[in-house]
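*Asks:* Structure below; questions to follow.
The values are calculated or read from the model by the stated rules, or taken from the named source; none is laboratory data. This one's a predicted model, so the numbers in the text were calculated from it and none came from an experiment. Heads up, the Cβs are rebuilt from the backbone with ideal geometry, glycines too, and the neighbour counts pull from every protein chain shown. Heavy atoms of the whole protein, side chains included, go into the accessibility calculation; ligands, DNA and RNA do not. Shrake-Rupley method; radii C 1.70, N 1.55, O 1.52, S 1.80 Å.
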Amino acid sequence: MIAVGVVLGAGLTGPALATPDGASGSRAGVPGIESTPDPDNSASAPPEQPVITGVVEGDGELTVTWDPPDGDAPTSYTVWVGGEVPDSGCDEIPAGTHTCTVDTGLENETSYAVEVAANHTGTEPAYSQAWWATPRNTQVTVPGAPTLHDIGVDGDTLTLTWDAPGDDGGLAILGYTVTTVRSGDDHPVPCEQPQGRTSTTCTITGTAGVGYTATVTAWNSEGEGPASNEKTATVAAGRPGPPTALVAVDGRAVTVSWTPHGTGGAPIQGYLVTVHREGQPGPVPCAGQQGQGEWSSLYTGSSCTFTGVPGATYTASVKARNSVGTSDLAGTGTGTVPALAGPHDVAATPGNATATVTWTAITPATGITGYTVTYTREGGQAQTAQVPGAAAHSRELTGLENGATYSVTVKAVLGEGTVRDSAAVPVTPSAPATIPDTAPEPDDALSAPAGATTPEPGGTITVSGTGFAPNSRVELVIYSSPRSLGTATTAADGSFSRAVVIPSSLSGSHTVTSFGVDPDGDPRVLALGITVAAVTLAAAADDSGLAATGAPIATILLTGVLLIAGGAGTRVAAGGAASGRPDRG
């Protein structure tokens, strides 16, 4: 006989197949191990065949029981296991015996095809159905504890190796479970088994300066066994990781900050911060929290600051240091301080061949030594006026040409750095207007809101005009007899709007007139006719500076005369009636 066997690997299920040479039918087939015949179906077997009724699986042995054939009684029986007769004690079994234990040549946990042959003199044996059975140690248990060796450390790689347990529990080892935790926080760390779960080695990628503790357990089909001995190893500390540097600019304030990337397994003692200004030699001081004594050159916080020069570009680099050494440089941070803008709220008030320029001084005033006022006549050369002092906020320009428009800007004076001019404002100086005794012929009309041209005495009216030189002075006068209502300064487009108060002594028709210069420097006159409501005698008496015009006052005087005359007539009539004289009409 020739035995053919197939043994499945650890952790898999299925029979090891063995069939006798030349076998046919059930002996040559490969039934699944779950396909054990049901003895109740043995009635279908041919009458000359015995029927296996059961197999008891023992430690390295199989006890087979069968029923005899229904036909002629055999001369003997033979028990075949795996296509062989491995136990001579189960060959040529007397015909009256229907059980036999095969305890030779069998391996535990290996499945065999069992058959019983009924032997007849002069004819071929008649074989029973095949019955699959597996010898096994009925006292199986979980495996024992593996033996863990010292953990190998190479850089940040930890290698664990162990020996298989001496006792496998009577079953094949199906794998190992490695439990590794970080010292201090018991955080689990995976251990890679590149050769599979039944291999006896694995590796961990550790962190510098961190300790690791490991144990190993083995498991089989009964479960997991006890843990191995415990082993501990520590990855040596190294240099810290390179920090990331960032430069942030807010106005002239420059902040250098950094983010650490790993301590290297040893506490960081501080940071080396270097700041350079583009085009300038030497480092730039940066104020921040620093260490003491031998660590005074190290920053112990996470940022430092300094005041930058307007227009300058700064580059910062940061390295971390621990007891092992100094980190590499991850890169640099860069930031540029914007040029210093001109001051705010610049204004220019025109005068007679003068202009007064005002502004709001810049704060903070670091590095500012004063201001430069630049004024340029249209088509002319720029002129400058220096104003010393960081807090300076005004300057009078003299020697200007009346009627000419000037563009005025202001900028700070710095010891170093880049500055920008303020927004330009126009101004047109002019001589005081010559006010004639009578209202002149206007060039155009002033405007006022609808319904506003009939003010009360002492009331307010808003008048507006256009076409004047930008940022120039306009005189406002009311006629008949001229009286000043004040001045106005035009906007950049040569327009103005001004509320004026009508003298309380006025009534009747009057003219509000504005005197100024146009963009070419020529006189420009605008006018608006108004009608002031009637004024009382008390108001007229109170204000002797300007005569009232029109009929209202004459009407009042005539009314007074008539009232006096009427009173006298009344008295005469009354007297006549009293004396008995007739009324003569």
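*Asks:* Among the residues of region 446-457, is there at least one that is aliphatic (A, V, I, L, M), in contact (Cβ under 8 Å) with a residue 12 or more places away in the chain and either touching a strand residue (DSSP E or B) at 6+ places or on another chain (Cβ under 9 Å) or open to solvent by 70 Å² or more (accessible area, probe 1.4 Å) (or both)?
*Replies:* Yes.
*Asks:* Could you check how many residues of region 145-158 are at pLDDT 95 or above and in a loop (DSSP other than H, G, I, E, B)?
*Replies:* Count: 5.
*Asks:* Another question, if that's okay. How many of the residues in region 275-301 are in a strand (DSSP E or B) and either among the polar types (S, T, N, Q) or farther than 20 Å from ALA245 by Cα (or both)? Please lay out each step first, then the result.
*Replies:* Taking region 275-301 as the starting set, the residues that turn out to be in a strand (DSSP E or B) are 275-277, 283, 287-290, 299-301.
This time we only want the ones that are either among the polar types (S, T, N, Q) or farther than 20 Å from ALA245 by Cα (or both), so: 289-290, 300.
Residues in region 275-301 being in a strand (DSSP E or B) and either among the polar types (S, T, N, Q) or farther than 20 Å from ALA245 by Cα (or both): 3 in total.
*Asks:* From the list THR207, THR180, pick out the single residue that is under 15 Å from GLY152 (Cα atoms), of a type in the set (Ser, Thr, Tyr) and part of a loop (DSSP other than H, G, I, E, B). Working first, answer last.
*Replies:* Working: THR180 fails: part of a loop (DSSP other than H, G, I, E, B).
Answer to the check: THR207.
Yes or no, residue by residue, for (1) over 22 Å from ALA533 (Cβ atoms); (2) at pLDDT 95 or above; (3) open to solvent by less than 20 Å² (accessible area, probe 1.4 Å):
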| site | (1), (2), (3) |
| --- | --- |
| LEU476 | no, yes, yes |
| PRO482 | no, no, no |
| ALA492 | yes, no, no |
| SER495 | yes, yes, no |
| ARG498 | no, yes, no |
| VAL501 | no, yes, no |
| LEU506 | no, no, yes |
| HIS510 | no, yes, yes |
| THR513 | no, yes, yes |
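*Asks:* Among the listed residues SER407, SER430, which satisfies the condition of being in contact with a Lys or Arg (Cβ under 9 Å, 6 or more places away or on another chain) and either under 19 Å from GLY311 (Cβ atoms) or touching a residue at least 60 places away in the same chain (Cβ under 8 Å) (or both)? Walk me through it before giving the result.
*Replies:* Working: SER407 fails: either under 19 Å from GLY311 (Cβ atoms) or touching a residue at least 60 places away in the same chain (Cβ under 8 Å) (or both).
Going through SER407, SER430 in turn, just one is in contact with a Lys or Arg (Cβ under 9 Å, 6 or more places away or on another chain) and either under 19 Å from GLY311 (Cβ atoms) or touching a residue at least 60 places away in the same chain (Cβ under 8 Å) (or both): SER430.
*Asks:* Among the residues of region 331-346, what is the count of those that are surrounded by fewer than 18 Cβ atoms within 10 Å (Cβ to Cβ) and touching a Pro at 6+ places or on another chain (Cβ under 6 Å)? Even if it seems obvious, please write down each step before you answer.
*Replies:* Step one: list which residues in region 331-346 are surrounded by fewer than 18 Cβ atoms within 10 Å (Cβ to Cβ), which gives 331-332, 334, 336, 338-339, 341, 344-345.
Those still in the list that are touching a Pro at 6+ places or on another chain (Cβ under 6 Å) too: 339.
Looking only at that region, the number is 1.
*Asks:* Same structure again: Consider region 219-263. How many of its residues are under 30 Å from VAL275 (Cβ atoms), among the polar types (S, T, N, Q) and part of a loop (DSSP other than H, G, I, E, B)?
*Replies:* Step one: list which residues in region 219-263 are under 30 Å from VAL275 (Cβ atoms), which gives 237-263.
With among the polar types (S, T, N, Q) added as a condition, the list becomes 244, 255, 257, 259, 263.
Next cut, part of a loop (DSSP other than H, G, I, E, B) only: 263.
Selection size over region 219-263: 1.
*Asks:* Would you mind listing the strands (runs of 3 or more DSSP E) fully within region 339-394 where at least 2 residues are in contact with a His (Cβ under 9 Å, 6 or more places away or on another chain)? Walk me through how you get there before you give the answer.
*Replies:* Values: elements: 344-350, 355-360, 368-377, 382-388.
In region 339-394, the matching strands (runs of 3 or more DSSP E) lie at 355-360.
*Asks:* Here are the criteria: (1) among the polar types (S, T, N, Q); (2) under 44 Å from the mean Cα position of the chain (by Cα); (3) in a strand (DSSP E or B). Tell me which single one THR161 does not satisfy.
*Replies:* Every condition holds for THR161 apart from (2).
*Asks:* Filter region 86-109 for residues that are open to solvent by 70 Å² or more (accessible area, probe 1.4 Å) and not in a loop (DSSP other than H, G, I, E, B); which is nearest to SER76 (Cα to Cα)?
*Replies:* By that ranking, first place goes to PRO94.
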